[in-house]
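**Student:** Structure below; questions to follow.
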Amino acid sequence: MEKPTKIKQGWQWKVFFYPRHVIKKRLTYAETRKAVIYWEKFEGKPVSTIDERTKQLIDEVDSALAILKDSGVPLKFFADIEFLPDGSIQQKRAVMLSVRFRNLIKKKKMREIHDIIDQFTALNFELWKYGIFERIFNVGRNNGIIGTHVVLLDPFELLSDVSEIETRLKEKPWEHWIAKIDFPSDKAAYFRKQCDGSFTIENFRKLWQSRVRS
């Protein structure tokens, strides 16, 4: 049996990395709670919120998986995600965009950075057409690239409620994450311009579930 090259654990999943794919195994309630305790204490939050936060995380995953499975979205947008019989998921292995951006900046391949930014906005437009809204916009960590195609690696941060989504768009969450990437100032400005101009309520209303309606 093939052994993973490394294993990482987050709030909700344990990720097993293989040369060509990853397998994400969902944590149990107890494991999720333990992760929440660690991070809430690290951030100085009250212990009284632990059970509430644990339930919230579990509910968010349940909701996101239901949205994804019911959408009819092409699975290539999620790194050819597969739902395994034991409840785990499998995806093709990708390069996180934060890593890809760092390498391109080092090599001064600025045109390729523009191409990836444009692909990122186009990917979100395609997801909206299928009734899928990724709410975090952590482009460097939650998105990756396989070959020349940008994909969404984290399918567990999804919204479907229109009022919640429009509130989220007004907050411009991408601003926070763009600042986390060590872009040259002109590339950061381009990224913000593309996101601000693309991720509008007008565009959202025009595109939302348009594939489903057609």
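**Student:** Out of the residues in the stretch 6-22 that are within 18 Å of the chain's Cα centre (by Cα) and not aromatic (Phe, Trp, Tyr), state the one that is farthest from Ile58 (Cα to Cα).
**Tutor:** His21
**Student:** Still on this structure, please answer the following. I'm trying to understand the selection: among the residues of the stretch 12-43, which are in a loop (DSSP other than H, G, I, E, B) and of a type in the set (A, V, I, L, M, F, W, C)? Let's see the steps before the verdict.
**Tutor:** Residues of the stretch 12-43 in a loop (DSSP other than H, G, I, E, B): 12, 18-20, 27-28, 43.
Leu27, the sole residue that qualifies.
**Student:** Could you tell me whether Ser63 is closer than 13 Å to Leu153 by Cβ and in a helix (DSSP H, G or I)?
**Tutor:** Against the criterion (closer than 13 Å to Leu153 by Cβ and in a helix (DSSP H, G or I)), Ser63 does not qualify.
Bear in mind that the values in this text are calculations on the coordinates, not laboratory data. As the structure is a computational prediction, the values presented were derived from the model and not from experiment. Glycine gets a Cβ as well: all are built from the backbone with ideal geometry, and neighbour counts include every protein chain shown.
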